There are 2 protein chains.
Amino acid sequence: MAVNKIPEKKSQRREAARQSLREEILAASRDIITQEGFAALTMRKLAERIGYSPATLYLHFRNRDEIAHAVSRTGYADLLKTLSSITEKDRGKPADRLRSLAKAYVRFGLENPQTYALIFMEDPAYLAAVFAEPAEDDPAAACYSLMLAATGDLLAAGMRPPKAGKPARAVTAVELTESLWASMHGIVSLKLTCPAFPTAPADLLTEVLIETMLRGLSAATAKK
Amino acid sequence: MAVNKIPEKKSQRREAARQSLREEILAASRDIITQEGFAALTMRKLAERIGYSPATLYLHFRNRDEIAHAVSRTGYADLLKTLSSITEKDRGKPADRLRSLAKAYVRFGLENPQTYALIFMEDPAYLAAVFAEPAEDDPAAACYSLMLAATGDLLAAGMRPPKAGKPARAVTAVELTESLWASMHGIVSLKLTCPAFPTAPADLLTEVLIETMLRGLSAATAKK
DNA sequence: AGTATAAACTGAACACTGTTTAGTGAACAT
DNA sequence: ATGTTCACTAAACAGTGTTCAGTTTATACT
């Protein structure tokens, strides 16, 4: 029947245009989200900004959530960049690295409120998907690995974590990482949804948290 | 002119009916929210459930947010009831009381997900209002006082909190309370928005958090 | 009693939202 | 030149919160 006589050249052009428009949609979405928040990302507004009709958006994305999903990915990539810039330059003690990481995490949240709100508070499907079937190249998974490595190093440096669970046993690096992460997330998310509530500034709360926990972890070991 | 000939009796009846309908609206709202979440609380659905037209709702509440606000209040009252049931019966050491409070807080969030999401994640205006001009009888403010008292007792019992801030100084009870609260909130809110992410169960994370922090606070004091 | 007045209530509309579908026009492959 | 495929859009659908003119009902006064 029909012989595919190398239609790749032309198809490539089409495909390139497709990708280009797709990226344009995502760029506009990022703009709107970072400026006005995820709720302000309406399909009509987005379509108008890129000069197409709303229906066109559905030729490139299944629905609004899929756009959020794609934007989330770059959000996690941004977070990863922030965190890895810490681990790369900080070659000091594990405790100091964790301190820096915590501060950087919270600062990222406060400096990119709309992005943080999207990836951790409004698009839970992304995180859920990552932990449902872990992908190697996912930026969110990379963030997790990075944090896990930091607490792992801390424990390996001779810390004695408290016991927990039933029956009581030593806390694992995973549990410690997730406790820390959740705590940092609490500081950020609370500040983002209600700037008035934690009356103390976020960076101070972070310091209190990390210092107290570090002391709690090193309590059993000899000082200095 | 017209003499107001004691129209109070009749007015009272009217007023009673008004209040009754108002309460009916709120009861229906609570039902919908606890069952389907705040997003499912639409004015039309709410109106239909109580047998009135949507426009009637606006005779009793300025808008949907005001309904959320009223429902939030009872949500905080519920939380307060949970927390104060702890402080009343627990006459043990401050550390144990704080342990119980933390567990109860997290449990409340997980057992009343829609309510928790409403009062801490979807209706920030309420908390903002409380901390803008503190009202004595507000249940949210009472929750705060309760937690503050617990950490205050803990510090008074001889704990030596770590130093923080610039210049470094001893952490205050307020800062410690808010750090703890934010951390617990992080555990709850993360679990609610994404059950998959903190892979460890919430109560275990809570235990890790509270045990580590307690050790961090008592690190400088003699053991036992 | 009847009547004036005030309160309660509603139908219908407005301006939005995400999403679908039928139909048009242009670019491509043969 | 023709048949096919792809890109695109206007219009509609079913929702949303909210407003307002108009109607019904209950109260107040003579």
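The values are calculated or read from the model by the stated rules, or taken from the named source; none is laboratory data. Note that this is a predicted model, so its numbers are computed, not measured. Cβ placement follows ideal geometry from the backbone for every residue including glycine, while neighbour counts extend to all protein chains displayed. Protein only, heavy atoms only, side chains kept; ligands, DNA and RNA dropped before computing areas. Shrake-Rupley method; radii C 1.70, N 1.55, O 1.52, S 1.80 Å.
Label-to-label distances for A:Ala168 across copies, nearest first, come out at 3.1 nm, using points 7 Å from Cα in the beta-carbon direction.
The B and A chains share an interface that buries close to 3900 Å² of accessible area, total over both sides, probe 1.4 Å.
Label-point spacing at B:Glu111 relative to the other copies reads 4.2 nm, in ascending order, each point sitting 7 Å out from Cα along Cα→Cβ.
Between 0 and 90 degrees, the angle of helix B:94-111 with respect to the longest Cα principal axis of chain B falls at about 40 degrees. Computed with every protein chain present, the accessible area of A:Glu111 is close to 120 Å² [probe 1.4 Å]. In the elastic network of chain B, a GNM with C-alpha springs shorter than 10 Å, the most mobile of B:Glu36, B:Glu133, B:Glu211 is B:Glu133. Comparing each chain alone with all protein chains together (probe 1.4 Å, DNA, RNA and ligands left out), the residues of region A:96-124 losing at least 40 Å² of accessible area are A:Pro124.
Would you mind getting the accessible area per residue of region B:74-224, heavy atoms of the protein chains only, 1.4 Å probe, in Å²? Result: 42 Å² per residue.
Run the accessible area of chain B with a 1.4 Å probe and give the carbon-and-sulfur part as a rounded percent. Within chain B, the accessible surface is 53 percent carbon and sulfur.
Ignoring ligands, DNA and RNA, how do B:Arg215, A:Arg64 rank by accessible area with a 1.4 Å probe, largest first?
Values: B:Arg215 50, A:Arg64 70 Å².
Ranking B:Arg215, A:Arg64 by accessible area, largest first, yields A:Arg64, B:Arg215.
Using Cα pairs closer than 8 Å and at least 6 residues apart in sequence, work out the relative contact order for region B:10-61, in percent. Please list the in-between numbers first.
Working: 27 pairs, mean separation 14.1, N = 52.
27 percent.
Springs between Cα atoms under 10 Å define the GNM used for chain A, and in it the highest mean-square fluctuation of A:Tyr52, A:Tyr116, A:Tyr144 occurs at A:Tyr52.
Using the Cα coordinates of the protein assembly as shown, the gyration tensor eigenvalues translate into equivalent-ellipsoid semi-axes of 39, 39, 17 Å, sorted from longest to shortest.
What separates the B:Ala16 label point from its copies, with the point 7 Å along Cα to Cβ, is 8.1 nm, written shortest first.
Per residue of A:167-174, what is the mean number of Cβ atoms on other protein chains within 10 angstrom of that residue's Cβ? Before the final figure, lay out each step's value.
Numbers: counts 0, 2, 0, 0, 6, 3, 0, 3.
Whole-number average of other-chain Cβ neighbours for A:167-174 is 2.
Cut-off 10 angstrom, C-alpha nodes, Gaussian network model of chain A. Which of A:Ala135, A:Ala17, A:Ala182 fluctuates the most? In this elastic network of chain A, the residue with the biggest mean-square fluctuation among A:Ala135, A:Ala17, A:Ala182 is A:Ala17. At the listed q of 0.07, 0.10, 0.13 Å⁻¹, the Debye profile of chain A, built from one uniform point per Cα, gives log10 I(q)/I(0) equal to -0.31, -0.58, -0.85.
Seen against the Cα atoms of chain B and their longest principal axis, helix B:8-36 is set at about 50 degrees.
Run the numbers on chain B and let me know its relative contact order in percent, using alpha-carbon pairs under 8 Å that are six or more apart.
Details: 189 pairs, mean separation 42.2, N = 224.
Once divided by the residue count of chain B, the mean separation gives 19 percent.
Once C-alpha pairs closer than 8 Å and six or more residues apart are averaged by separation and normalised to the residue number of region A:149-224, the relative contact order reads 39 percent.
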